Amino acid sequence: MSEEKFDAIIVGGGLAGSAAAYALAKAGLEVAVIERGTSCGSKNVTGGRIYAHSLARLIPDYAETAPLERKIVKERIILMTGTGSTAVEYRDEKLKDDSCASYSVLRAKFDAWLAEKAEAEGALYITGIRVDELMREDGKICGVVADGDSLNADVVLLADGVHSLLAQQIGMKKDLSPHQVGVGVKEVIGLDEKTISDRFGVLPGEGVACLVAGHATGGAAGGGILYTNKNSISIGTVVNIGQIGAGEGLKVPDMIERLKDSPTIAPLIAGGELLEYAAHLVPEGGANMTPELVGDGVLIAGDAAGFVMNLGFTFRGMDLAIESGHLAAQAIIKAKEKGDFSAAGLSEYRTLLDNSFVMRDLKHFRKMPAFMDSPQIYKEIPEVAGEVLGSLFAIDGSAPKKLVKNVTSILKSKMKLTTVIKLASKAMGAM
Ligand SMILES: Cc1cc2nc3c(=O)[nH]c(=O)nc-3n(C[C@H](O)[C@H](O)[C@H](O)COP(=O)(O)OP(=O)(O)OC[C@H]3O[C@@H](n4cnc5c(N)ncnc54)[C@H](O)[C@@H]3O)c2cc1C
């Protein structure tokens with residue numbers, strides 16, 4: 001047993017863990033991060049685009065050194081059918097403002113950078129070792145057992161990702177139900193910088209984020225993602241685990257193949273070289289899956305706390321992970337000042353979270369997961385959009401139809417009017 005006692009031990013060197021480590025070490029606390037991957041970033045998967053606001057609060061000059069791929073200046077939402085797609089594209093100079101800047105990132109580089117920042121402030125990183133259990137003394141968590149060795153600390157922060165088996169072990173988190181998690185499959189496809197900029201119609205350094213609903217998942221609740229990096233494209237699919245087998249009953253690995261082979265996406269990635277293949281779970285239950293966040297000597301942050309919002313038009317987890325890690329650090333610093341690491345002494349974390357965008361936004365979109373389960377989003381709606389626009393643009397010499405009549409008859413052929421009304425009202429309620 002090690003004699004050393006840390007102020008804080010953090011389990012997981014992802015974004016939540018390293019954000020907390022950075023803030024704690026900067027405040028002069030002795031902090032150790034234990035990461036089971038051989039390096040920070042090696043086990044972590046994202047789509048991925050990071051909204052930078054929470055990183056800017058943690059490290060105001062982040063843009064000078066962070067490995068950011070491209071600044072996202074264009075958003076594309078694509079409704080896909082087997083033969084085509086309908087897209088909404090949004091581009092505005094506003095997206096370049098520092099206040100709402102977002103960037104594509106690759107986690108192997110990005111997480112390593114954040115860990116280096118924390119190390120430079122004095123945090124100790126122990127990589128390649130898994131924490132197997134938490135230690136308790138008089139009911140309070142007082143350290144961890146990793147690789148047969150025990151390490152003591154006043155407080156343990158669980159930033160160990162979506163499963164958080166450790167939080168489950170100590171009864172702070174229930175086992176995940178299939179409807180609360182999605183499985184993501186992602187490839188990174190190498191292409192040269194200019195080809196990417198030309199294909200997506202952006203200037204050097206600028207990037208595009210695309211979210212896709214429809215054909216790729218074969219009617220199951222989920223979708224495609226595509227982000228442009230400097231010299232590569234991140235592409236993938238995420239499907240709710242409870243929905244696997246729904247619709248056409250596609251297997252998860254087949255979904256990404258469908259996306260890549262679709263007439264809309266294939267030309268964008270043509271000639272690219274597969275650099276990386278990854279799969280990972282992602283929380284999808286929103287505010288409805290928040291576990292106990294504070295216990296005696298223990299806190300939970302990031303995906304471990306279920307802090308992800310997949311809204312169909314945006315996908316956010318990294319900004320919530322960084323903010324929750326940062327806030328956990330602030331609560332730990334306060335607890336150290338008071339010398340009280342009990343649940344009451346750490347309860348400031350809950351208050352800070354409640355007053356932050358994390359809980360505000362999760363609560364605001366509380367009904368979104370239920371709306372996102374609506375099967376029509378993934379089949380009938382892309383088909384209706386495609387057929388309506390097809391009737392306008394595919395000119396074959398036949399007689400034109402009155403637009404409203406045509407839209408109504410296409411809609412009616414796919415869905416009952418009551419389903420359309422219910423869906424619209426569900427969407428309004430969820431936003
Ligand atoms: C396919 C996909 C697409 C996504 N797209 C986006 C996106 O575009 N934008 C966005 O903001 N978010 C996105 N997300 C969500 C985002 O990636 C997560 O919210 C984010 O990674 C959470 O960070 P974290 O630090 O909480 O958890 P993680 O990054 O999962 O880190 C947890 C760490 O804990 C370590 N660990 C676990 N157990 C132990 C243990 N017992 N001992 C030691 N170490 C342990 C793991 O190895 C890991 O490094 C996406 C997720 C997926 C899967």
- Query: Are any of the residues in segment 262-277 in the same structural domain as V239 (by TED's automatic domain parsing), assigned to a loop (DSSP other than H, G, I, E, B), of a type in the set (A, V, I, L, M) and crowded, with 22+ Cβ neighbours inside 10 Å?
  - Reply: yes
- Message: Where the second residue is outside any loop (DSSP other than H, G, I, E, B) and more than 15 Å from the ligand (Cβ to nearest atom) and the first is among the acidic types (D, E) and lies in segment 179-195, which pairs have Cβ atoms under 7 Å and are six or more apart or on separate chains?
- Response: E187/L274
- Item | Condition check for G207: under 19 Å from R49 (Cα atoms), in the same structural domain as G184 (by TED's automatic domain parsing), buried (at least 24 other Cβ atoms within 10 Å of the Cβ) and touching a residue at least 12 places away in the same chain (Cβ under 8 Å) | yes
- Residue match in segment 98-107 (condition: farther than 26 Å from V282 by Cβ and not assigned by TED's automatic domain parsing to the domain that holds L165): yes
- Evaluation of K251 against (1) free of Cβ contacts under 8 Å to residues at least 24 places away in the same chain; (2) within 16 Å of the ligand (Cβ to nearest atom) (one fails), failing number: (2)
- Query: Exactly one of (1) at pLDDT 95 or above; (2) under 15 Å from Q180 (Cβ atoms) is unmet by M289. Its number?
  - Reply: (1)
- Task: For residues that are buried (at least 21 other Cβ atoms within 10 Å of the Cβ) and of a type in the set (G, A, S), tally how many sit in segment 33-83.
- Result: 5
- Message: Would you confirm, using the coordinates I've provided, whether A216 is under 30 Å from L151 (Cβ atoms), within 16 Å of the ligand (Cβ to nearest atom) and crowded, with 17+ Cβ neighbours inside 10 Å?
- Response: no
- Please find, among L95, L58, the residue that is aliphatic (A, V, I, L, M) and at pLDDT below 95. L95
- Criterion: more than 26 Å from Y277 (Cα to Cα) and out of contact with any Phe, Trp or Tyr (no Cβ under 6 Å at 6 or more places or on another chain) - qualifying residue of A153, A167, A159: A167
- Message: Need a quick list: helices (runs of 4 or more DSSP H) entirely within segment 346-409 having at least 1 residues that are basic (K, R).
- Response: 348-354, 357-364
- Please find, within segment 1-13, the residue that is farthest from A304 (Cα to Cα) out of those that are in a loop (DSSP other than H, G, I, E, B) and near the ligand (Cβ under 10 Å from one of its atoms). G13
- Query: Within segment 142-152, is even one residue within 24 Å of F341 (Cβ to Cβ), more than 15 Å from the ligand (Cβ to nearest atom), outside any loop (DSSP other than H, G, I, E, B) and free of Cβ contacts under 8 Å to residues at least 12 places away in the same chain?
  - Reply: no
- Message: Can you go through L311, L299, L259 and tell me which one is of a type outside the set (D, E) and farther than 22 Å from M359 by Cβ?
- Response: L259
- Query: What number of residues within segment 296-348 are surrounded by fewer than 23 Cβ atoms within 10 Å (Cβ to Cβ) and either more than 14 Å from the ligand (Cβ to nearest atom) or not assigned by TED's automatic domain parsing to the domain that holds V45 (or both)?
  - Reply: 15
- Tally, over segment 329-387, of residues that are acidic (D, E) and closer than 25 Å to G286 by Cα: 4
- Message: Out of G295, G242, I need the residue that is in contact (Cβ under 8 Å) with a residue 12 or more places away in the chain and touching a His at 6+ places or on another chain (Cβ under 7 Å). Which one?
- Response: G242
- Query: Which strands (runs of 3 or more DSSP E) sit wholly inside segment 35-141 and have at least 1 residues that are more than 14 Å from the ligand (Cβ to nearest atom) and farther than 30 Å from A153 by Cα?
  - Reply: 71-80, 85-91
- Candidate set from segment 14-34 (those that are closer than 20 Å to Y62 by Cα and in a loop (DSSP other than H, G, I, E, B)); member that is nearest to the ligand (Cβ to nearest atom): G14
- Message: Restricting to segment 382-425, name every residue that is within 22 Å of M309 (Cα to Cα) and either hydrophobic (A, V, I, L, M, F, W, C) or surrounded by 17 or more Cβ atoms within 10 Å (Cβ to Cβ) (or both).
- Response: L423, A424
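The values are calculated or read from the model by the stated rules, or taken from the named source; none is laboratory data. Remember, predicted model here, so these are calculated numbers, not experimental data. Glycine also receives a Cβ, built like all others from the backbone with ideal geometry; neighbour counts cover every protein chain displayed.
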